[in-house]
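The values are calculated or read from the model by the stated rules, or taken from the named source; none is laboratory data. This one's a predicted model, so the numbers in the text were calculated from it and none came from an experiment. Because the Cβ atoms are built from the backbone with ideal geometry, glycine has one as well, and the counts that use them run over all protein chains shown.
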Amino acid sequence: MIAAQDKAGLFWLVDQVSGPKESGWFNLLLKGSKLRLLILVLIIFITGVMFSSNHSRTVILGKQINELNKLLRLENHSLENEIQRLTALDMLDTMARNKLGMVKPDGNNVLLPQSEINQTQ
């Protein structure tokens with residue numbers, strides 16, 4: 001190794017070039033056989049395919065969720081309108097007369113309980 005000094009006064013080490021390094025992982029991979037490189041490429045390819053498959057499923061499910069949310073909002077709006085319609089006083093009056101057979105009392109047809117009749121006399 002050669003120690004060199006740069007302009008700022010800091011020291012750094014420089015390796016002498018003695019040829020290609022023998023200890024790099026890439027060189028070890030290439031040194032063994034081309035089969036290792038092929039396996040590495042296949043692993044990377046399969047990982048990419050799995051990632052893109054999962055990503056596309058996520059996108060499709062996101063679109064389905066958005067569509068279902070729109071349908072739920074429409075149904076909720078429809079139900080709120082139905083609640084407003086059914087709780088209106090005119091509708092309650094109509095339903096009481098038509099479905100339950102009730103009649104609207106006249107001012108003359110008021111029945112008092114027996115206890116109130118005795119107290120007024």
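When you check G101 against the structure, is it exposed (fewer than 10 other Cβ atoms within 10 Å of the Cβ), without any contact (Cβ under 8 Å) to a residue 60 or more places away in the chain and small (G, A, S), yes or no? Considered against the rule, which asks whether it is exposed (fewer than 10 other Cβ atoms within 10 Å of the Cβ), without any contact (Cβ under 8 Å) to a residue 60 or more places away in the chain and small (G, A, S), G101 comes out as yes. In this structure, does K99 turn out to be modelled with pLDDT of 90 or more and either charged (D, E, K, R) or in contact with a Gly (Cβ under 9 Å, 6 or more places away or on another chain) (or both)? Criteria not met by K99. Look at L61 and say whether it is without any contact (Cβ under 8 Å) to a residue 12 or more places away in the chain and surrounded by fewer than 10 Cβ atoms within 10 Å (Cβ to Cβ). When the stated conditions are applied, L61 does not pass them. Confirm whether L30 is surrounded by 10 or more Cβ atoms within 10 Å (Cβ to Cβ), in contact with a helix residue (DSSP H, G or I) (Cβ under 9 Å, 6 or more places away or on another chain) and at pLDDT 85 or above. No, not satisfied.
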